[in-house]
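The values are calculated or read from the model by the stated rules, or taken from the named source; none is laboratory data. Not measured: the values here are computed from a predicted model. Here the Cβ positions follow ideal geometry from the backbone for every residue, glycine too, while neighbour counts run over all protein chains shown. Please note that ligands, DNA and RNA were not included when accessible areas were found on the heavy atoms of the full protein model with its side chains. Shrake-Rupley method; radii C 1.70, N 1.55, O 1.52, S 1.80 Å.
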Amino acid sequence: MADCIFCEIVNNRMKSDIVYQDEDLVVFNDITPQAPVHTLIVPRKHIESLHDMKPEDADIMSHMVRIVKIITEKYRLKEDGYRLVVNCGINGGQTVPHLHLHILGGRRMTWPPG
Ligand code: 5GP
Ligand code: ZN
């Protein structure tokens with residue numbers, strides 16, 4: 001997808017701090033971290049948001065959730081816990097229109113979110 005920052009990153013046309021990748025997903029550190037650990041799990045396929053997922057994309061979401069375990073083990077987040085976030089659309093606070101899952105950890109989160 002033209003002009004999509006995350007398509008640029010997953011296709012290696014733009015630099016990022018990649019911590020994991022496979023044929024379907026790329027995980028990299030957020031450029032503006034909101035916690036000591038802040039990574040983004042991004043499918044290689046351009047899907048604008050959670051709301052735009054189609055039945056045939058179901059495997060992508062389950063793959064993303066499976067990779068959470070690998071990443072949270074890598075950063076030893078299991079014991080103290082962590083937060084997963086998917087912002088969807090304007091009111092959800094989504095700023096990059098390419099589906100991604102935030103993993104935030106290493107500090108105590110608050111609720112409700114802002
Ligand atoms: P959203 O607001 O859409 O849920 O999350 C987008 C995230 O992408 C934000 O946390 C933002 O800091 C991050 N981000 C935006 N542009 C870049 C970039 O060029 N590189 C990286 N690594 N992260 C980015
Ligand atoms: Zn994209």
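What to note about this one:
- With contacts taken as Cα pairs under 8 Å and at least 6 residues apart, the range 5-105 reaches a relative contact order of 32 percent.
- C-alpha long axis of helix 58-74 to longest principal axis of the chain, angle in °: 40 degrees
- Where labels lie 7 Å past Cα in the beta-carbon direction, separation of Leu84 and Val96 in nm: 1.8 nm
- At full extension, Lys74 and Arg107 could sit 10.3 nm farther apart than now, given 0.36 nm per residue minus the alpha carbon distance.
- Reachable lysines from Lys54, criterion Cα separation under 19 angstrom, eight or more residues apart if same chain: Lys45
- Inter-part distance where the range 69-92 and the range 1-65 are each reduced to a Cα centre, Å: 13 Å
- Extending 7 Å from the Cα toward the beta-carbon at both His51 and Asp22 defines two label points whose distance is 3.0 nm.
- Coupling constants for the range 85-97 follow from the phi torsions by the Karplus curve (6.51 cos²θ - 1.76 cosθ + 1.60, θ = phi - 60°), and in residue order they are 9, 10, 7, 10, x, 5, 5, x, x, 6, 10, 10, x Hz; glycine and proline get x.
- Dipole of the chain computed with +1 at Lys/Arg Cβ and -1 at Asp/Glu Cβ about the Cα centre; of Tyr75, Met64, Ala2, farthest Cα towards the positive end is Tyr75.
- With all protein chains in place and a 1.4 Å probe, the accessible surface of the chain carries 52 percent carbon and sulfur.
- For a label point 7 Å along the Cα-to-beta-carbon line of Asn12, residues of the range 26-57 with backbone N under 14 Å: 26
- The chain: calculated mean residue ellipticity at 222 nm from DSSP helix runs of at least 4, using -39500 (n - 2.57): -6500 deg cm²/dmol
- Cα gyration tensor shape for the range 5-105, rounded if a/c is under 1.5, else prolate or oblate: rounded
- Largest to smallest accessible area among His63, His98 [probe 1.4 Å]: His63, His98
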